[in-house]
1. Calculate for the chain the 222 nm mean residue ellipticity that helices alone would give, adding -39,500 (n - 2.57) per DSSP H run of length 4 or more and normalising by residue count, nearest 500 deg cm²/dmol.
2. Any chance you could run the full-extension gain for residue 259 through residue 51? It's 0.36 nm times the residue separation minus the Cα-Cα distance, nm to one decimal.
3. Give the order of 147, 132 when sorted by the count of other beta carbons within 10 angstrom, beginning with the fewest.
4. Please express the shape of the chain as an equivalent ellipsoid: the semi-axes are the square roots of 5 times the eigenvalues of the C-alpha gyration tensor, given largest first in whole angstrom.
5. What Kirkwood radius, in Å to one decimal, follows from the Cα pairs of region 143-240?
6. Once both labels are modelled 7 Å past Cα along the beta-carbon direction, what's the residue 16-residue 38 spacing in nm?
7. Could you give the nm distance between label points at residue 237 and residue 102, where each point is 7 Å from its Cα heading toward the beta carbon?
8. On average, how much area does the Cα convex hull of region 73-116 cover when viewed from any direction, in nm²?
Ligand code: SF4
Ligand code: SF4
Ligand code: FES
């Protein structure tokens, strides 16, 4: 699936924005920044009609389609699968397509304000759209693919159910970067591989069919590797797939200490 970058020329698409029956009015504050023309980010506020069952991604679409076509963000699947719409919503890293408006409502009929900012620690291209390249560079560096030696087998590589279960949790990663960009070590020391890269190394280190564990462990034993992690659990809390990120990091540390996978 191809992620779409929601960037378009300024201007609204319709003269009369639709208001669904039963809608409440949200105040949505978006941290806007266009490094080409601005020195500093600024907040822009929008009044948006929305249903409690709308997703935050719908709210962003409303703004883009009816209020200001220049608001820029990335999204693709809209169903929590592709990992392209990670952003800070009310100060917490989330996928905009997985958060419902009702979960952010103030309650007791009070007015609701939703803030949206880009994820932290990556360069901002524009508004909520960040440059993911440093994140993917760390991902590629841990060699996240099956490594084997010898001739190709004539049939599939056999694995027991127990061996498959060993790394099941870390197969669920969708590379959204919610974990890495919630990590205080990554914010301050951008050279740290970050939790997502370690999760994806874990997925192969503990795969009984793989023969590259030692090489990956050497990579993660580096000064920018697993030992930078201070076990603060931000990454685990941020993961929209419920992956036990910090546990995976601990397992890689243990494998390094005891040279056992
Ligand atoms: S547990 Fe480690 S990797 Fe995760 S947020 Fe904390 S310091 Fe970062
Ligand atoms: S481990 Fe979770 S939070 Fe981190 S990149 Fe993968 S899916 Fe996203
Ligand atoms: S748009 Fe694909 S995960 Fe949200």
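1. Counting only the DSSP helices, I get -6500 deg cm²/dmol.
2. Full extension from residue 259 to residue 51 adds 69.5 nm.
3. Details: 147 15, 132 22.
Fewest-to-most ranking of 147, 132: 147, 132.
4. Working: eigenvalues 308, 72, 59 Å².
Rounded to whole Å, the semi-axes are 39, 19, 17.
5. Values: mean 1/r = 0.0683 Å⁻¹.
Computed over Cα pairs of region 143-240, the Kirkwood hydrodynamic radius comes out at 14.6 Å.
6. 3.2 nm
7. Those two pseudo-labels are separated by 2.6 nm.
8. That works out to 3.2 nm².
Every number here is computed from the coordinates shown, using simple stated rules; none is lab data. Keep in mind that this is a model prediction, so the values were computed, not measured. When we count neighbours, we look across all protein chains shown, and the Cβ atoms used for this are built from the backbone with ideal geometry, even at glycine.
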